1. Please find, within the range 118-145, the residue that is nearest to the chain's Cα centre (by Cα) out of those that are within 21 Å of Tyr107 (Cβ to Cβ) and of a type in the set (S, T, N, Q).
2. What number of residues within the range 141-199 are in a helix (DSSP H, G or I), open to solvent by less than 60 Å² (accessible area, probe 1.4 Å) and not small (Gly, Ala, Ser)?
3. Among the listed residues Ser131, Ser111, which satisfies the condition of being part of a loop (DSSP other than H, G, I, E, B), surrounded by 12 or more Cβ atoms within 10 Å (Cβ to Cβ) and of a type in the set (Ser, Thr, Tyr)?
4. Test Tyr100 against the stated conditions and say whether it is surrounded by 15 or more Cβ atoms within 10 Å (Cβ to Cβ), touching a helix residue (DSSP H, G or I) at 6+ places or on another chain (Cβ under 7 Å) and of a type outside the set (Asp, Glu).
5. Check the range 44-59 and report whether any residue there is among the polar types (S, T, N, Q), at pLDDT 95 or above and in contact with a strand residue (DSSP E or B) (Cβ under 7 Å, 6 or more places away or on another chain).
6. Can you tell me how many residues in the range 209-229 are under 16 Å from Arg125 (Cα atoms), out of contact with any Asp or Glu (no Cβ under 8 Å at 6 or more places or on another chain) and either modelled with pLDDT under 95 or hydrophobic (A, V, I, L, M, F, W, C) (or both)?
7. Does the range 51-108 hold any residues that are under 30 Å from Glu147 (Cβ atoms) and in a loop (DSSP other than H, G, I, E, B), and which are they?
8. If I filter the range 38-57 for residues that are among the hydroxyl-bearing types (Ser, Thr, Tyr) and open to solvent by 60 Å² or more (accessible area, probe 1.4 Å), do I get at least one hit?
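The values are calculated or read from the model by the stated rules, or taken from the named source; none is laboratory data. Fair warning: this is a prediction, and the values are worked out from it, not measured in the lab. Cβ placement follows ideal geometry from the backbone for every residue including glycine, while neighbour counts extend to all protein chains displayed. SASA here: full protein model, heavy atoms, side chains in, ligands and nucleic acids out. Shrake-Rupley method; radii C 1.70, N 1.55, O 1.52, S 1.80 Å.
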Amino acid sequence: MKKWFKYLIFFSLAGVLAAALVTAHFYQSMNGGFGERQRAEKEVARYLAEQYPAQDLVVESLDYSYKREVFLAKVQSLSSRDTYFEIMIQRNGKIQGDTYEDIEKGYTTYSRLSEQYREIWERLRSEAEQSFSISMSWAQLQAVDTEEQAAKGEEGAIVLEQLVLDREYNMEELAAKAGKLWLTIEAEEVSYEKLEEIVLKLKELCREKQFVFASMDIRLEQKSSEEKADQKAAGIQVKGLLYQDIYPEGLLERLQKAK
């Protein structure tokens with residue numbers, strides 16, 4: 001065999017090996033090593049047994065976060081829909097911490113309730129789009145962490161520390177106090193008179209479909225043509241419009257003052 005051919009085989013094999021090593025390193029960087037994953041699984045089981053022994057918790061998934069460079073174990077209770085959290089495990093197997101505090105602060109219960117509220121709006125939005133050209137919408141229950149924040153003037157908000165785990169709440173009562181609606185609507189005419197017309201029709205539709213909100217931010221924009229699609233649309237915006245203030249008498253003046 002000629003000498004140059006031996007060198008060719010050698011460098012080809014070296015290239016293949018180098019490529020394999022780079023691929024393996026990249027895979028471990030993105031997904032964590034197999035041994036690291038096994039160690040993380042054992043450490044999560046030990047951690048749950050020590051920290052939360054009386055709870056019926058199961059690990060739903062264990063994934064590696066490339067950005068955070070930790071394994072994330074998603075934990076869920078078998079008997080409580082609001083009891084779920086994450087455990088962060090370093091690649092060396094050390095527990096970095098968990099998010100169980102979110103449960104105690106009412107965040108997970110609030111997340112469930114707010115998601116239910118958004119789903120109610122999304123069902124209504126399809127009907128609203130038959131009357132209005134809605135380019136953006138969002139519905140959410142407003143919330144503050146503590147009673148102290150509420151006492152300082154954060155009215156119209158759910159107090160998270162008062163929420164009870166897994167409790168069924170009356171959504172209409174919650175929404176009447178804390179429901180917030182954000183809307184951007186497009187129209188050929190952009191004026192406060194047109195906005196007044198839209199707001200009254202929207203409230204009537206919400207009333208008919210039993211969708212409750214406490215306040216809304218609404219923006220009326222000029223419907224843009226394809227030629228001007230990349231230009232910012234002209235519009236008017238009203239923030240913090242209360243449900244109770246949406247009635248015909250004096251509405252135009254209230255809209256102009258609330259801009």
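1. Gln140
2. 9
3. Ser131
4. no
5. Scanning the range 44-59, I find no residue that is among the polar types (S, T, N, Q), at pLDDT 95 or above and in contact with a strand residue (DSSP E or B) (Cβ under 7 Å, 6 or more places away or on another chain), so the answer is no.
6. Residues flagged as under 16 Å from Arg125 (Cα atoms), out of contact with any Asp or Glu (no Cβ under 8 Å at 6 or more places or on another chain) and either modelled with pLDDT under 95 or hydrophobic (A, V, I, L, M, F, W, C) (or both) within the range 209-229 amount to 4.
7. Across the range 51-108, the qualifying residues are Tyr52, Ala54, Gln55, Ser79, Ser80, Arg81, Asp82, Thr83, Thr99, Tyr100, Lys105, Gly106.
8. Scanning the range 38-57 turns up no residue that is among the hydroxyl-bearing types (Ser, Thr, Tyr) and open to solvent by 60 Å² or more (accessible area, probe 1.4 Å).
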